[in-house]
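Have a look at the structure below before the remarks.
Every number here is computed from the coordinates shown, using simple stated rules; none is lab data. Bear in mind that the values here come from a model prediction, so they are computed numbers and not experimental data. Positions of Cβ are backbone-derived with ideal geometry, glycine not excepted, and every protein chain shown enters the neighbour counts.
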């Protein structure tokens with residue numbers, strides 16, 4: 001017998017990206033604003049300069065905006081501590097959790113460390129979105145943490161106007177084998193371990209609903225093997241490429257190291273579909289702000305505006321940028337002696 005009464009209409013899938021003003025690491029506070037905000041909070045010092053007392057245990061702090069803080073313990077090892085969270089970068093809740101966890105873990109790998117434990121950081125509009133979706137976010141993050149061999153030990157949550165998720169990560173590192181952003185030297189090649197373009201494809205996903213599985217695969221891939229390969233190759237300088245884009249993070253590395261970075265734009269790997277999406281206008285505000293920030297320090301050569309937007313694309317859970325040649329990954333440029341007023345050169 002057929003049911004009597006109105007036929008139930010299946011609920012439309014929830015598109016998480018529509019509940020946030022930005023997406024992923026593109027929602028970061030612009031780098032110029034952030035630097036002005038934290039300026040003067042700590043006294044300036046030169047790399048390796050002793051401060052005296054317990055202050056000397058802080059090996060990496062606020063000085064050069066590195067990927068994580070590093071503090072010496074009493075047993076010859078060091079703690080790596082970092083936190084990262086952002087608004088939804090994809091509509092699938094579990095994928096968002098997986099991406100956010102991989103992104104937070106990346107900061108530990110970018111310092112040459114091994115993650116030990118993570119804590120959830122969750123903001124949820126509980127009167128708007130169902131709790132089941134939040135559970136999926138947490139489950140996705142737990143999946144990636146387990147892949148990394150990292151414990152998850154609780155965390156903190158708040159009722160917030162838009163969904164936010166990320167993790168605070170703690171790891172261990174050998175203080176004599178640190179990867180830091182102020183240790184670059186002239187004559188060293190630059191290696192990038194993941195292709196660019198996830199910011200462009202995520203922007204297209206947010207605006208159209210199109211799903212780019214290869215972009216999700218890139219964002220959920222851990223940087224653990226790349227970090228191990230960098231250490232094996234003797235690298236001492238690295239960073240990861242996230243919200244400030246390749247140009248933004250490379251500018252910070254070159255400035256901190258007192259060198260100029262030369263990028264061979266044709267050698268930079270790019271995800272399938274990113275260039276076409278760029279030409280179609282899918283450029284985030286974060287990417288435009290990244291380019292505006294580095295432009296005073298940039299010799300762009302003959303690079304087109306599209307090429308510059310790609311190089312400044314706000315990545316989420318991007319690859320490692322290593323000063324050194326890493327087997328299996330592409331060399332995209334080199335570090336050269338400092339050129340006055342210029343940290344970045346595009347060839």
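Within the range 152-183, the set of residues being part of a strand (DSSP E or B) and either touching a helix residue (DSSP H, G or I) at 6+ places or on another chain (Cβ under 7 Å) or in contact (Cβ under 8 Å) with a residue 60 or more places away in the chain (or both) comprises 152, 164, 165, 166, 167, 168, 169, 170, 171, 172, 173, 180. Screening the candidates 209, 258, 234, 245 for the property of being at positive phi and crowded, with 24+ Cβ neighbours inside 10 Å yields one hit, 245.
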